[in-house]
Structure formats: structure tokens, C-alpha cells
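Peer 1: The structure follows.
The values are calculated or read from the model by the stated rules, or taken from the named source; none is laboratory data. Treat the numbers as computed from the prediction; the structure is a model and nothing was measured. Here the Cβ positions follow ideal geometry from the backbone for every residue, glycine too, while neighbour counts run over all protein chains shown. Just so you know, the surface numbers come from the protein's heavy atoms only, side chains and all, with ligands and any DNA or RNA stripped out. Shrake-Rupley method; radii C 1.70, N 1.55, O 1.52, S 1.80 Å.
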Amino acid sequence: MARTVPPQLETDPPVTGETSDGLCSASATRNRVVLPSLPESHRTIPFSSGASWFRKVLAFAGPGYLVAVGYMDPGNWATDIGGGSKFGYTLLSVVLISNLMAMFLQALCAKLGIATGRDLAQACREHYSRRAGLFLWVVCEIAIAACDLAEVLGSAVALKLLFGLPLLAGVLITALDVLIVLALQRRGFRFVEVIVVTLIASIAACFGYEIFFAHPLWREAAIGFIPRAEILRNREMLYIAIGILGATVMPHNLYLHSSIVQTRAFGSSTRHRREAVRYAIFDSTLALGFALFINAAILVLGAAAFHTRGLHDVAEIADAYKLLSPVLGASLASTLFACALLASGQNSTLTGTLAGQIVMEGFLDIRLKPWLRRLITRSIAIIPAALVIGFAGENKVTSLLILSQVILSFQLPFAVIPLIQFTNSRSKMGEFANSRLTTVVACFVAAAILFFNAEFLWLIFRSA
């Protein structure tokens, strides 16, 4: 049997004379050193294989939380509040299934990045033809634009609720996120992770307060985690369900995670990389567990505060803000709700900017100055958001947030299928290739995403 040559890391000596069809489609590309995405942060955080288990966990704690931010962004708020107020606890099963899918897919991303030294965008550029790579890049940019639209609009809504700023002014203020990201990264990638985790903890604390005063029906909430066929038959319920799926399993997070796991300075041997994969998966699974809690808390809050009180049409975030304090009888409820929304929006724009940089560098193999590439990334989000507010008006914000999440869901297969293809290939992953069971689960996840999208289209055309 021919020996399988494991893929090289960019820190390894160049490989010569190989004929493997690895991530690079040509031997000339295979032999050159691939520059990493986020080069200013690449392998800057030490990881000692001889350290204790707790120190290893701490060393790898961080990337999973940057990824988890995308699973609790303002797009989730719009879909979860709308689903909770209209259908009670029924869609909790969709939140659970979506988060389980996210945990699985992010684990594959971590394994791809650590095993090959490439992020998903670089892997696509090297494996597919230039035309196919450009198509995937355009599709990914559309997904990032839809994601950023939700994040920018969410931050603008929070600024309006807290300070009375017009939405358009709030959108323009978010342009300053470019400067914030640059300032944070100069302090080191670890500092970025600390800021993100702090904001996540703040969001969780705000929702803990809200849930305490909402007095949910915990038995009904537990039953809500059991999937129901009604979700597929009810067009309105399916629309929000696909929005939840799009808001939870986000395409840009797959590219982001496969890159930022490489900020850890793990060894290049098979044993060291296998150890790094184990701790990276532990980190992302734990972080996405927090995301599951916050997503479920938003939907439970919508169900407990509004649905059980007969308020079934609270779909606008602004309406939820106005009603929370009088409905719950807690004076800080509305203010904390808006503060959590602002923290969520700022967190998401920060990680979205990083993802935009990774996608641009990975697919196009171009190197721009940090301020320029982040300015381009933010412009892709801010310009559509400003146009949306100018033409659609401020009263359509939450509808647009939900629509943006549905768009994300339709973009998912273009990221998920290449991810599964690469991690299944032994010639690309070496000993890290997916097992037969993992392959079956991965194909099931991809099929479930495609089925949800197809079912949604069928309902739309049938009722047209």
C-alpha cells in the first residue's frame, strides 16, 4: 500500500517530488509556501504540549468564542423573538438542531485548519478551478454582506433605542469598527478574544435577568426541544425556522474558524496536531454551548413575555424593547435588552470583519494593508445597510433582519459541501481524514440543510 503523505504546514520545509493531489491542484502550487490569513496573528499564542490539561484548555480557549459570536448576532434576535412570540416554545427544537449542526461543522473546520495549515478559502482556491473559486468567493461575499447587514442594523437599532439616534446615523457610526479592530489587534489576538468573551458574558447576564422576571413555563419549554412535523407544514413557521438555521449555522464562520485556530503555536508533528485538534474542538463545542443557551433564552423570552400573554405579533425588536419593562414589571428589562443587543452587534461586526479579511485573502490571494482591507470589508456591509434604510424605511428593519438570515441559509451548501469534501479526502487530510461515521453524519447534515431549503421553496411556489 502506498504511503499517505500528510499535508504540510506552512512552517514545514517545502515538499518536493510529490505527486499527491493534495489541496493544491498543481505541483508548482503544492511546493510553494502558502501565506496564512491574518498573518499579524498567525501562531502568536504559545501552546506547550507538555503543559497540564487545564493550561492546554486555557491556551486554546478563544477561537471558539469568536465563532460563537456569529451564532448570537442580531439576526438571531429577530428570528428568535419572532418565533417565540408567534409560536411559543415550538421552535426551540430548531434552535437545538441548528446548534448541534454548528458544533459538528465547526469541529470539521478546526480539523481542516490544523491538519493542513490552510483555511477553507485557501483550500477552495487551491483545489477548484479559478472560475469555480471566483464563483465561491462571490457567493461567500454575498453571505458576509447579508450577515453584516444584520449586525450593522442590529447595532443601529440598539443605538436608537438607547440614545435616540436615527438608524442611518447608527449605521454610519458602525464604520468606526474598522478602527476598533485595528486597535485591538495591535494589542495581540489574545486581547481580541478577551474583549469578545467579556461581551458574551455581558449578553448572558442580561438575558439571565430577563428570564428571571419572565417566569417561563419550563415544562413547555422542555417539550419545545422535541421536533414536530408541523414546522415543515406551516409556511410561516418554516420561514422563521430556516431563518433560525441561517442565523445559527453561518457560512462565514466556517472560513473564520479554519483560520483563527492557526493563531496557536502548536507543533507540526502528527501527534501535536492531533492534540491541537482535540483541544480546538473542545473549545468550540463549549463556546457553542453558550451560544445555544443565549439563542434559546431569546426565544424563551419571546414565548414567556409575549406569546403566553396573548401578544403573538411582536416581531419587531423595537416593539420588544418597548413592551419588556411594562410586561415583566422590571424597570431595567428594556434597557438591558438594548445593551445586550448593542454588545451582540459590536461583537458580531468585529468577527465579521476578520472573516471578510480571511475570505478575501484566501480566495483571491491578495495582500492589502490592514486598514484598507478592513475598510473594504466594512463598506460591503455599511453601503447596503444605508441603502436599505433609505429605500425601505426604518419600520422594515426586523423583516430585513429575518430575510438576511434566510439568505445565509441558502448560501450554506456552498461552504458546507467543500468543507465535507476536503475533510473526507485522505490525500488532503492524511491521518486526519474523517472516519466513516463522521462522513455519514456530515452527509446527513448537508442533506438536512438542502432539504430545509428545498421544502421552503416548495411552500413558496405552491402558495403563489
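Peer 1: Sort all Cα-Cα distances of region 65-178 into consecutive 10 angstrom bins from zero, then give the percent of pairs in each bin up to the one containing the longest distance.
Peer 2: 11, 28, 33, 22, 5
Peer 1: Over region 243-329, average the accessible area per residue using a 1.4 Å probe and give it in Å², no decimals. Present the calculation step by step, with values, prior to reporting the outcome.
Peer 2: Working: 2600 Å² over 87 residues.
Using a 1.4 Å probe on heavy atoms only, each residue of region 243-329 averages 30 Å².
Peer 1: Under a cut-off of 20 Å between alpha-carbon atoms, report the lysines in cross-link reach of Lys322, not counting same-chain residues fewer than 8 places apart.
Peer 2: Lys86, Lys160, Lys396
Peer 1: Sort Asp313, Asp319, Asp283 by accessible area with a 1.4 Å probe, largest first.
Peer 2: Largest accessible area first, the residues go Asp313, Asp319, Asp283.
Peer 1: What distance in nm lies between label points placed 7 Å from Cα along the C-beta direction at Asp313 and Gln421?
Peer 2: Rounded to a tenth, the inter-label distance reads 4.7 nm.
Peer 1: Give the peptides 55-64, 99-108, 119-128 in descending order of average Cβ contacts within 10 Å, highest first.
Peer 2: Descending mean neighbour count gives 119-128, 99-108, 55-64.
Peer 1: Moving on. Under 37 °C and 0.692 mPa s, how fast does region 131-257 diffuse according to Stokes-Einstein, given a Kirkwood radius computed over C-alpha pairs? Answer in µm²/s, whole number.
Peer 2: Values: Rh = 18.4 Å.
Translational diffusion coefficient: 178 µm²/s.
Peer 1: Which whole-number value in Å³ per residue fits the convex hull of the alpha carbons of region 101-143?
Peer 2: Normalising the Cα hull of region 101-143 by residue number yields 72 Å³.
Peer 1: Whenever you get a sec, line up Leu288, Leu162 from highest to lowest accessible area (probe 1.4 Å, protein heavy atoms). Working shown, then result.
Peer 2: On the way: Leu288 0, Leu162 50 Å².
From most exposed to least exposed: Leu162, Leu288.
Peer 1: Now a separate question. So for region 174-324, averaging the separation of alpha carbon pairs under 8 Å that are six or more residues apart and normalising by length, what relative contact order in percent results?
Peer 2: About 34 percent, as a whole number.
Peer 1: By how many nm would the segment from Arg55 to Phe451 grow when fully extended, if each residue of separation counts as 0.36 nm and the alpha-carbon distance is taken off?
Peer 2: Stretched out fully, the Arg55 to Phe451 stretch lengthens by 138.3 nm.
Peer 1: Check Ala265: other-chain or 5+ apart residues with amide H under 5 Å from its amide H, H built from backbone geometry?
Peer 2: Here the answer is Ile45, Phe47, since their amide H atoms fall under 5 Å of that of Ala265.
Peer 1: Something else now. Assuming a viscosity of 1.306 mPa s and a temperature of 10 °C, what translational diffusion coefficient in µm² per second does Stokes-Einstein assign to region 65-114, Rh being the Kirkwood radius over Cα pairs? Walk me through the numbers on the way to the answer.
Peer 2: Working: Rh = 12.2 Å.
D, rounded to a whole number, is 130 µm²/s.
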